[in-house]
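Structure in structure tokens, see below.
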Amino acid sequence: MTTSKSDKLFITQSPVDGISMPSTAVSPNGGRRKRTVVNGEASNDLTLSAHVGGNETLFPKILDMYVAPGSVVADITYGKGVFWRNVPDGRYKLLATDLSAGIDCRNLTYDDGEIDCVVFDPPYMHSPGGSAHVSHVAFESYYRNNSIRNRTGAKYHEAVLELYEETGEEVYRVLRDRGVFIVKCQDEVCANRQRLTHVEIILAYQKTGFTAEDLFVVVRQNRPGVSRVVRQVHARKNHSYFLVFWKSGGTSRIWVPPE
């Protein structure tokens with residue numbers, strides 16, 4: 001029995017993920033085709049877009065995908081260093097600063113184009129006061145910057161956006177061409193209005209000159225604290241985001257992990 005060209009299983013290569021996937025065409029004779037993979041091995045050990053757990057387990061996987069070993073990485077809201085707990089020592093040249101040490105993320109001390117990757121995780125919700133904020137003490141204790149005023153001119157959610165936008169402009173200055181910008185954020189409800197912060201940040205950074213490359217959803221394992229409410233009118237947020245951008249300066253990011 002001969003096999004025609006139309007009976008063969010063709011493999012398509014994803015230019016973004018580098019994963020070979022078999023085509024879904026059905027053989028003309030109706031028989032089952034042998035599923036084959038080229039340029040790689042079948043595996044379920046992949047980094048998925050949604051992650052249940054802590055930042056410290058997902059963050060190293062994001063670095064592995066987007067930042068070459070030996071890169072100069074500036075964590076400009078380092079805090080207690082939770083992100084770095086599971087990152088091997090010496091894998092990157094880490095420059096750790098934050099506002100509590102006197103370094104404002106909107107006025108960095110680095111030269112233009114000096115940094116390969118910047119990590120940014122500010123307080124991403126305005127403090128509502130009352131019992132809601134108290135309930136979050138255990139969660140927010142990871143971020144020392146939460147105890148310090150944002151030093152913005154705006155108020156409430158607009159102050160959150162102002163902090164992200166002004167920092168994005170400064171990060172664009174210090175990043176090398178096609179350098180990577182990893183940003184943590186969370187949506188919120190402010191003044192009874194739904195604010196999709198991750199969308200607002202993406203749109204703002206595109207205007208600055210960044211290209212949005214990836215998005216990761218982090219789902220909390222514990223239930224978020226809730227202040228006293230008479231009637232719930234919005235879903236309570238129990239997820240946040242890692243956004244990955246690269247500084248436009250070419251047609252693609254500068255580094256991809258080896259096969």
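Would you check which residues across the range 167-201 are assigned to a strand (DSSP E or B), surrounded by 15 or more Cβ atoms within 10 Å (Cβ to Cβ) and not charged (D, E, K, R) and list them? Write out each step before concluding.
Pass one, the range 167-201, residues assigned to a strand (DSSP E or B): 175-185, 188-190, 193-195.
In the following step, the residues that additionally are surrounded by 15 or more Cβ atoms within 10 Å (Cβ to Cβ) were identified as 175-176, 178-185, 188-190, 195.
Residues satisfying the conditions are L175, G179, V180, F181, I182, V183, C185, V189, C190.
Follow-up question, since we're still on this one. Mind listing whichever residues of the range 77-107 are in a loop (DSSP other than H, G, I, E, B) and in contact with a Lys or Arg (Cβ under 8 Å, 6 or more places away or on another chain)?
Taking the range 77-107 as the starting set, the residues that turn out to be in a loop (DSSP other than H, G, I, E, B) are 77-81, 85-92, 97-98, 102-107.
Within the range 77-107, G79, K80, D98, D104 qualify.
On to the next question. Taking the range 202-259 only, how many residues are at pLDDT below 90 and part of a loop (DSSP other than H, G, I, E, B)?
Initial filter on the range 202-259 (at pLDDT below 90): 220-239, 248-259.
Narrowing further to those that are part of a loop (DSSP other than H, G, I, E, B): 220-238, 248-259.
Matching residues across the range 202-259 total 31.
The values are calculated or read from the model by the stated rules, or taken from the named source; none is laboratory data. Computed from a predicted structure; not experimentally measured. With ideal geometry, Cβ positions are generated from the backbone for all residues, glycine too; neighbour counts draw on all protein chains shown.
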